[in-house]
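Derivation of every value follows stated rules applied to the coordinates shown; laboratory data play no part. In this text, all values refer to a predicted model and were calculated from it rather than measured experimentally. So basically every Cβ, Gly included, is an ideal-geometry build from the backbone, and we count neighbours across all protein chains shown.
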Amino acid sequence: MRHILITGVSSGIGYACLKYFIEQGCHVFGSVRKAEDATRLSETFGVNYTPLLFDVTDSEAIRSAVQTVKAELGEGENLFGVVVNAGIQIPGPILYLTREEMRYQFEVNVFGGLEVIQCFVPLLRETHLNKPGRIVHVGSTSATITLPFTSFYSAAKSAMHSLCDTLRRELMVYSIDVVDIYVGPVNNDLVAKVAPYKERYKDTDYYSAISMRLDGALKKNIPNGLLPEAVAAAIFGSLTSPNPKHRYALNKDWFNTWFLPTMLPHRLLDRIIAKKWKMRPTDFGKK
Ligand SMILES: NC(=O)c1ccc[n+]([C@@H]2O[C@H](COP(=O)([O-])OP(=O)(O)OC[C@H]3O[C@@H](n4cnc5c(N)ncnc54)[C@H](OP(=O)(O)O)[C@@H]3O)[C@@H](O)[C@H]2O)c1
């Protein structure tokens with residue numbers, strides 16, 4: 001039996017992974033933050049799912065979850081994989097983000113994910129029955145194509161991409177591989193969750209641009225985005241492939257949302273972005 005740990009299975013990509021992995025015959029340890037999510041998912045998935053109740057910012061709760069997993073794994077068993085998926089985004093112009101908001105995005109997306117890895121690596125190590133398990137980080141294309149108003153989310157994902165490279169090299173001593181997936185826009189609730197943040201900027205020069213960006217993502221990116229089920233299948237592929245790449249970019253409109261922006265000169269891309277969201281001085285009546 002393959003045992004896989006996934007963080008953040010209450011919704012979106014994490015939920016899709018939980019469902020898909022169980023359909024592939026795995027047993028999943030999935031973290032949630034609310035007891036009602038644990039009950040709901042246990043009722044749906046039965047014995048193939050073990051809920052773990054922890055917030056990735058809570059070191060003690062993560063360590064207690066390690067004990068739960070350890071107790072449930074049979075003699076000689078290990079974790080086949082750890083999927084670092086839990087993540088959040090707090091959009092807003094850098095000029096107005098509070099220090100707590102900047103810090104919290106790193107707490108969840110970077111330090112939380114890393115502490116989960118630190119704590120669960122011992123359970124990924126080779127046993128007399130099984131080969132070492134693998135780590136997959138659910139990253140984002142916004143680590144590379146950084147757009148206005150998602151600064152600290154992009155920075156946190158970018159930091160994780162760098163840290164995944166280091167981890168992959170350091171964990172070679174245990175033959176534990178680390179795969180990083182750059183996920184493009186997904187057709188799920190994440191953007192709907194963040195859209196209301198724009199109202200905070202009603203009285204600033206950024207209101208129109210942030211409204212266009214967040215509403216535009218809701219109207220366009222999300223319906224045209226990747227299906228969470230497709231992302232789950234790709235994550236499963238990266239966990240099970242005998243020769244995975246160190247990094248994958250998953251994008252539906254690969255040419256326009258990945259190839260083109262990464263190939264264009266930065267200054268040209270700046271001008272395209274400013275024009276798209278009306279952020280040029282001329283849009284404010286200045287020459
Ligand atoms: N949606 C996209 O377009 C997109 C694109 C690229 C990458 N991603 C990445 O994919 C991952 C999953 O996002 P999603 O789109 O599936 O969004 P989502 O539906 O909002 O799922 C986020 C998950 O993370 C959990 N979570 C949030 N804060 C947490 C914390 N402090 N501790 C533990 N769990 C926490 C949430 O639990 P609660 O229900 O308790 O809040 C939820 O289960 C994220 O890392 C995100 O950055 C998403």
Review point. Of Gly225, Gly133, Gly113, which is the most mobile in a GNM of the chain whose springs link Cα atoms less than 10 angstrom apart?
Key: Gly225
Revision key, fill the gap. Simple SL model, points at 7 angstrom along Cα→Cβ for Met1 and Thr204; separation in nm is 5.0 nm
Point to revise | Estimated 222 nm signal from helices in the chain, with DSSP H stretches of n ≥ 4 weighted -39500 (n - 2.57), rounded to 500 | key: -12500 deg cm²/dmol
Practice item. Would you pull out the residues with amide H under 5 Å of Asn187's amide H, same chain only if 5 or more places away, H placed 1.01 Å from N? Key: Gly225, Leu226, Leu227
Practice item. Go through Lys198/Lys219; Lys220/Lys278; Lys19/Lys193; Lys220/Lys245 and tell me which ones have a Cα-Cα distance over 20 Å in this structure. Key: Lys19/Lys193; Lys220/Lys245
Point to revise | Arg134 long-range amide H proximity, modeled H, under 5 Å | key: Gly81, Val82
Review point. Based on Cβ point charges of +1 for Lys and Arg and -1 for Asp and Glu, what charge dipole magnitude is obtained for the chain about its Cα centre, in debye rounded to the nearest 20?
Key: 1360 debye
Review point. Which of Phe152, Phe255, Phe236 moves most in a GNM of the chain, Cα contacts under 10 Å?
Key: Phe255
Exercise for review: May I ask you to list the GluC sites (Glu not before Pro) in segment 97-127 that are in a DSSP loop and have at most 14 other Cβ atoms within 10 Å of their Cβ?
Suggested key: Glu126
Point to revise | Amide H contacts of Ser31 (H built 1.01 Å from N, under 5 Å, at least 5 apart or other chain) | key: Ile6, Thr7, Gly8, Val9, Leu52
